[in-house]
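Take a look at the structure set out below.
The values are calculated or read from the model by the stated rules, or taken from the named source; none is laboratory data. All of these numbers come straight from a predicted model, not from anything done at the bench. Using ideal geometry, Cβ is built from the backbone for each residue, glycine included, and neighbour counts are taken over all protein chains shown. Accessible surface areas use protein heavy atoms only, side chains included; no ligands, DNA or RNA. Shrake-Rupley method; radii C 1.70, N 1.55, O 1.52, S 1.80 Å.
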Amino acid sequence: RIRQVTQRQQTLGPASSSLAPQTTPTAQRNDFHPAEAPRIKNKTADPTFSSPTTQRTIPTSTRHHQRPRLFVTMNDPEQQLLKPTTTAAPRERRTRLVGAIAAAVFLAAAAVRLGGGGQVFAAPKPSLIDVSSTKSAFRAVQTLKDISGSFYVGQGSFVVVHDAKANENSNWPRVSLMQLPYDVEPGLQWAPLSNEDINWPDDRQIYVDCLENCEGETFSGPNDLESVAGIPGTQLALLCESTNSREDSPVADRIYLAEVTLDADGSGGGVEIKNYTTWSSFTPSYNVEATAVAATDRGYLFMWAERDQPIIFWTDMMVEPFSIGQHVRVIQHKQFKMAGPLALSNRPVVALDVDEVTGDIFMVSSYDLEGDSKAMPNPPYVDADNGPYYAASSMIGKVNKDGTVTIKDAIGDDPQTVRIHNGFKVEAISRAQKIPVGAGATPHDFATKVPGTFIGTDDENWGGTMRKISLPSQKLRTGDPGNGDL
């Protein structure tokens with residue numbers, strides 16, 4: 001390498017060498033930000049996401065906006081600081097000194113431009129790292145809030161919910177927007193929405209007995225949101241509480257009708273509550289973690305399942321006026337057998353979705369160590385929130401255009417309709433038919449095959465994430481052979 005560098009400098013000559021770093025800062029405003037953003041932990045007058053080095057503020061407006069940040073790419077210092085092998089020691093020292101000063105001045109200017117709320121991303125080469133240091137501090141790798149439910153809205157974006165309970169910090173987001181990655185930077189992005197960002201009905205107050213450095217308070221908002229059911233052909237979604245937290249007063253059994261808006265440039269969006277109903281208005285419920293809506297020639301069907309029962313329920317639904325189970329007033333159901341890899345699950349149904357074009361029903365089953373605590377108590381030193389976890393996604397049947405529903409008697413015995421997720425507690429599944437791809441795609445070219453199936457995880461202490469999976473398999477595809485998940 002020294003010989004190559006020497007030959008290059010001799011060819012260019014002293015007058016052609018550049019001693020200053022050739023960095024070109026660019027500013028980018030983006031309401032979405034990387035999904036590894038820190039979760040909110042402490043209640044303060046100005047709620048912030050905090051990490052060992054940065055802070056991000058969630059503005060209390062009806063839409064989420066992120067402060068501008070500056071992406072800095074530093075050129076290869078070996079191209080900036082050429083090292084001659086002949087009698088050029090003074091020149092080498094001058095080169096290093098001038099280069100270091102220029103880099104420091106540039107980074108200082110970038111910091112001033114960013115202000116207190118921004119951060120500078122840099123990719124220094126080893127020659128710019130202080131090699132005299134032998135220690136490095138641990139930093140959070142995965143701090144995205146858990147994903148308990150999701151719905152693909154469009155433009156490569158989802159609305160997701162987090163199952164924060166009433167006794168957990170009110171600053172933690174209960175609802176967020178997420179955007180698929182279209183490049184390694186910024187990768188998977190999210191736009192968390194604070195409770196002040198959403199117009200939750202104020203006719204119910206939930207007391208929050210904070211567990212971590214915050215005073216107990218009451219607020220108007222949801223409790224234990226466990227699923228999202230998107231309404232096909234619209235940007236409307238049902239944000240559903242689980243009714244599991246029955247020790248709360250009142251019982252959290254609401255189903256919110258919400259409208260999701262996305263900015264045309266893909267920078268973010270917002271959520272507005274339109275109406276709500278309650279589980280108790282049409283069915284008894286105990287712990288619902290899976291919901292979906294299907295469109296038929298006879299209207300909408302609302303589908304749901306109790307987490308601990310291998311039974312799918314469905315009834316009629318109307319958007320205007322918003323109601324569930326009030327028109328036909330008949331609840332149908334189908335019980336099935338957990339076969340194959342699904343037999344390992346202790347939570348039969350934790351997520352549902354229906355393909356808006358084909359009517360295929362997608363389901364997730366999971367295993368949680370917490371579920372074995374009664375039959376097989378864990379040692380006192382074991383925290384069930386550290387796993388291990390296990391989940392399986394499967395295709396279980398179909399909603400037909402005439403409003404009838406077909407569900408298999410046994411689910412899990414066909415390997416072409418099942419995908420295993422060992423090590424992850426999947427709690428959300430979304431089927432996406434329209435993802436911007438190819439020339440002219442807006443707001444971004446997400447460069448992935450469509451349609452697609454996406455899962456979201458609630459891995460407790462490990463955080464959460466979202467991934468695309470190959471379900472159904474290629475042998476099950478119908479229609480255009482160019483489409484599909486693989």
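Could you give every pair whose Cβ atoms fall below 6 Å, whose first residue belongs to segment 421-433 and is open to solvent by less than 10 Å² (accessible area, probe 1.4 Å), and whose second residue is polar (S, T, N, Q) and part of a loop (DSSP other than H, G, I, E, B), counting only separations of at least 6 or pairs across chains?
Hits for this filter: Glu427/Ser148.
Restricting to segment 313-331, count the residues that are over 15 Å from Glu259 (Cα atoms), buried (at least 16 other Cβ atoms within 10 Å of the Cβ) and of a type outside the set (Gly, Ala, Ser).
Of the residues in segment 313-331, 6 are over 15 Å from Glu259 (Cα atoms), buried (at least 16 other Cβ atoms within 10 Å of the Cβ) and of a type outside the set (Gly, Ala, Ser).
For Gly233, are the conditions met, namely being at pLDDT below 95, surrounded by fewer than 22 Cβ atoms within 10 Å (Cβ to Cβ) and under 20 Å from Asp353 (Cβ atoms)?
On the way: at pLDDT below 95: yes; surrounded by fewer than 22 Cβ atoms within 10 Å (Cβ to Cβ): yes; under 20 Å from Asp353 (Cβ atoms): yes.
So Gly233 fits the description; yes.
Any residue that is open to solvent by 50 Å² or more (accessible area, probe 1.4 Å), acidic (Asp, Glu), in a loop (DSSP other than H, G, I, E, B) and in contact (Cβ under 8 Å) with a residue 12 or more places away in the chain - is there at least one of those in segment 359-379?
No, there is no match, as no residue in segment 359-379 is open to solvent by 50 Å² or more (accessible area, probe 1.4 Å), acidic (Asp, Glu), in a loop (DSSP other than H, G, I, E, B) and in contact (Cβ under 8 Å) with a residue 12 or more places away in the chain.
Answer yes or no as to whether Thr278 is polar (S, T, N, Q) and within 30 Å of Trp190 (Cβ to Cβ). Before you say what the answer is, go through the steps one by one.
Values: polar (S, T, N, Q): yes; within 30 Å of Trp190 (Cβ to Cβ): yes.
Considered against the rule, which asks whether it is polar (S, T, N, Q) and within 30 Å of Trp190 (Cβ to Cβ), Thr278 comes out as yes.
Val350: modelled with pLDDT of 95 or more and farther than 19 Å from Pro284 by Cα, yes or no? Break it down stepwise before answering.
Working: modelled with pLDDT of 95 or more: yes; farther than 19 Å from Pro284 by Cα: no.
So Val350 does not fit the description; no.
Out of (1) assigned to a loop (DSSP other than H, G, I, E, B); (2) in contact (Cβ under 8 Å) with a residue 60 or more places away in the chain, what's the single condition that is false for Ile396?
(1)
Listed here are the residues, each with its yes/no results for (1) more than 20 Å from the chain's Cα centre (by Cα); (2) of a type outside the set (Val, Ile, Thr); (3) open to solvent by less than 40 Å² (accessible area, probe 1.4 Å).
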site	(1), (2), (3)
Ile396	yes, no, yes
Gly412	yes, yes, yes
Ala447	no, yes, no
Thr457	no, no, yes
